[in-house]
1. From the residues in region 190-247 that are in a strand (DSSP E or B) and among the aliphatic types (A, V, I, L, M), which one is nearest to Leu261 (Cα to Cα)?
2. Looking at this structure, is Arg168 charged (D, E, K, R), open to solvent by 30 Å² or more (accessible area, probe 1.4 Å) and assigned to a strand (DSSP E or B)?
3. Run down Cys113, Cys163 and say which single residue is among the hydrophobic types (A, V, I, L, M, F, W, C) and in a strand (DSSP E or B).
4. Considering region 248-287 alone, what residues qualify as being open to solvent by 80 Å² or more (accessible area, probe 1.4 Å) and part of a loop (DSSP other than H, G, I, E, B)?
5. Please go through region 157-171 and pick out each residue that is modelled with pLDDT of 95 or more and not hydroxyl-bearing (Ser, Thr, Tyr).
6. Give region 147-164 a look and list any residue that's open to solvent by 10 Å² or more (accessible area, probe 1.4 Å) and either β-branched (Val, Ile, Thr) or touching a Cys at 6+ places or on another chain (Cβ under 7 Å) (or both), or say none.
7. Regarding region 132-146, can at least one residue be identified that is free of Cβ contacts under 8 Å to residues at least 40 places away in the same chain, surrounded by 22 or more Cβ atoms within 10 Å (Cβ to Cβ) and closer than 18 Å to Asp203 by Cβ?
8. Exactly one of these conditions fails for Tyr188: (1) open to solvent by 70 Å² or more (accessible area, probe 1.4 Å); (2) more than 30 Å from Ser7 (Cα to Cα); (3) not polar (S, T, N, Q). Give me its number.
Amino acid sequence: MYEGVFSPIPDPGAYLARLGLNPDDYRKDLHPQLPDSPSAYSAPHKKEALDILIRAHLFNIPFENLDIYDLKREVSLDVEDIFEKIVVRHRGGFCFELNGLFCALLESLGFACRPVAQRVLFEGECPPCGHRSTIVTLDDGKRVVCDVGFGGPTPLGCLYLDCTEVQRSGKLSFRYERRADGLYRFIYIQEDGTEMPLHLFSDQEYNKIDFVSLSVYMSRGEHARFRNERVLNRMREEGSVSIQDDVLRLHDNGRLTEIPLPSYEEKKAAYIKYFGMPAESLTDIPG
């Protein structure tokens, strides 16, 4: 019944192209020792390869919950369904979709990875596990965390899990803290030095099938954020662009511009212009 959550990526090359990466160029630049191949894609299992993938993902595929909020629809975590939505129809998704599909891509590229469930700490003292990310063990044995589906302050590449020092990614700073109980806290360091805890999680592998029930709660639960609030986010060179509370927020090199979007037509135009979703993929979104 749930076999689809374990399925492989239908077409890794199409996924790489969706990320704005020419599949052959990505393969040759990062793995030049491999012979030419029209169908087999690979990458060296190094941080640099992951950073390229993560940055491309954040810049090209939006975090969005239109299916959940506007259509009141329970999203599918079957890999083929997510692939059709994100790669074929050029939509986005929320964390269980985005990081689920990304993990499947990494598996297809030969990375040693495992999914983990996380608690989002700014949602309360002890919130339910409502987020998914991926831990990858690189060829040198070091572990990094990959996240392309948070929709908040997020690194533009992977970060070393077992490093307690501050790690800079893009214009933002983060650090990991290993607690006495063995759990990890992921902390965002704001410009004034104030620390904002983002995630709490174990480094133990979380079975993919168990994300189904978490996804159902986060999309259908009475108090779940994504059922009660429309949220979109995408990275750009000049800064992030987001929609929350029907307000478009444009971050432009430290300057914030807010534009109300009171009508459906204005929101749809923003989905197309700022989040790269084609009009034909939005025909079922109600006005």
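1. Looking only at region 190-247, we keep the residues that are in a strand (DSSP E or B), and these are 195-201, 231-234, 241-244, 247.
Of the ones still in play, those that are also among the aliphatic types (A, V, I, L, M) are 196, 198, 200, 231-232, 241, 243, 247.
Numbers: Met196: 29, Leu198: 28, Leu200: 34, Val231: 13, Leu232: 13, Val241: 14, Ile243: 9, Val247: 6 Å.
If we take residues in region 190-247 being in a strand (DSSP E or B) and among the aliphatic types (A, V, I, L, M), then Val247 is nearest to Leu261 (Cα to Cα).
2. It is true that Arg168 is charged (D, E, K, R), open to solvent by 30 Å² or more (accessible area, probe 1.4 Å) and assigned to a strand (DSSP E or B).
3. Details: Cys163 fails: in a strand (DSSP E or B).
Result: Cys113 is the single residue among Cys113, Cys163 that is among the hydrophobic types (A, V, I, L, M, F, W, C) and in a strand (DSSP E or B).
4. Result: Asn253, Gly254, Pro262, Thr283, Gly287.
5. Matches in region 157-171: Gly157, Cys158, Leu159, Leu161, Asp162, Cys163, Glu165, Val166, Gln167, Arg168.
6. Phe150, Thr154, Thr164
7. Checked region 132-146: at least one residue is free of Cβ contacts under 8 Å to residues at least 40 places away in the same chain, surrounded by 22 or more Cβ atoms within 10 Å (Cβ to Cβ) and closer than 18 Å to Asp203 by Cβ.
8. (1)
The values are calculated or read from the model by the stated rules, or taken from the named source; none is laboratory data. Small disclaimer: the values here were computed from a predicted structure and weren't measured. Positions of Cβ are generated from backbone atoms using ideal geometry, with glycine treated the same way; all protein chains shown enter the neighbour counts. Heads up: the accessible areas ignore ligands, DNA and RNA and are worked out on the full protein's heavy atoms, side chains in. Shrake-Rupley method; radii C 1.70, N 1.55, O 1.52, S 1.80 Å.
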